[in-house]
Amino acid sequence: MKMTDARDIKADRATVWAALLSPEVLKECVSGTQELTGSPEDGFQAVVTQKVGPVKATFKGTVTLTEMVEPESLTLSGEGKGGAAGFAKGAADVRLEEIEGGTRLHYDVDAKVGGKLAQLGSRLIDGFAKKMADQFFTRFQEVLEAPEDEEGAPTDEPPEAKKKGWLHRLRG
């Protein structure tokens, strides 16, 4: 399954780049993440629980960042094994473009599944993969655009829009 899209984010390119490399941000943006450890240089280890149709599985896998051209582009690649449910793997080529008022984030996603998951049918799997990519990049945009008060603490925005202090530490 392949998909392409773009998002306009109200943050400068350096901030968006730093967020893409942050394990805190990645954990916040991947739905179902229970654990994410590691670094951009060595890769991340992740534990993610997802439900695809009737199949619910906990995937253990890795996320690597390659082809990094700071602050312009990178490739996020992930692969996880979900035991009897099968496996999922995918990659997102991300490109950052400066625009008036922020950064345009372009992404091209390619995802594959195997095992019991693949038996669910391509329409269900393609829909799930598109939903996951949309959720990740929507959440990424929300985390970056959440307002902060003058001391850098999140404002009284809904909990799902708070930065949890990571952006302040990046800028600090």
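Using a 10 angstrom cutoff on alpha carbons, build the Gaussian network for the chain and name the most mobile of G53, G78, G86.
Maximum fluctuation in the GNM of the chain, among the listed residues, is at G53.
If we count every other residue with Cβ under 13 angstrom of D134's Cβ, Lys/Arg +1 and Asp/Glu -1, where does the sum land?
Overall, the nearby charge balance is +1.
Using Cα pairs under 8 angstrom and six or more residues apart, how large is the relative contact order of the range 2-171, in percent?
Once divided by the residue count of the range 2-171, the mean separation gives 23 percent.
Which far-off residues, 5 or more places away or on another chain, put their amide H under 5 Å from the one on A11, with H placed in the peptide plane?
Here T103 satisfy the definition.
Across the range 26-38, in residue order, what do the Karplus-derived ³J(HN,Hα) couplings come to in whole Hz, using 6.51 cos²θ - 1.76 cosθ + 1.60 with θ = phi - 60° and x for Gly and Pro?
Result, ordered by residue: 4, 4, 5, 9, 8, 4, x, 6, 9, 8, 8, 10, x Hz.
Using a Gaussian network for the chain with springs between C-alpha atoms less than 10 Å apart, which of these wobbles most: V113, V16, V55?
V55
When the chain is treated as a GNM, springs tying every alpha-carbon pair under 10 Å, which of P54, P147, P40 comes out with the largest mean-square fluctuation?
Judging by the Gaussian network model, the answer is P54.
Could you count how many Lys pairs in the range 1-94 have their Cα atoms under 26 Å apart, skipping same-chain pairs fewer than 8 positions apart?
Lysine pairs meeting the criterion: 20.
If you stretched the chain out fully between Q135 and T37, how much longer would it get, using 0.36 nm times the residue separation minus the C-alpha to C-alpha distance?
Value of the extension gain: 33.2 nm.
What ranking of S77, S122 emerges when the number of other C-beta atoms within 10 Å of each C-beta is taken as an exposure proxy, fewest first?
In increasing order of surrounding Cβ atoms, one gets S122, S77.
V52's amide H: which non-local residues (gap 5+, or another chain) put their own amide H closer than 5 Å, with H modeled 1.01 Å from N in plane and none for Pro or chain starts?
Under 5 Å from the amide H of V52: A57.
Once phi is turned into ³J(HN,Hα) by the Karplus curve 6.51 cos²θ - 1.76 cosθ + 1.60 with θ = phi - 60°, what whole-Hz value does each residue of the range 67-72 show in order, with x for glycine and proline?
Running phi through 6.51 cos²θ - 1.76 cosθ + 1.60 with θ = phi - 60° gives 6, 7, 10, 5, x, 9 Hz.
Bear in mind these aren't lab numbers, they're just calculated from the coordinates by the rules spelled out. Here the structure is a predicted model, which means the values were calculated and not measured. Heads up, the Cβs are rebuilt from the backbone with ideal geometry, glycines too, and the neighbour counts pull from every protein chain shown.
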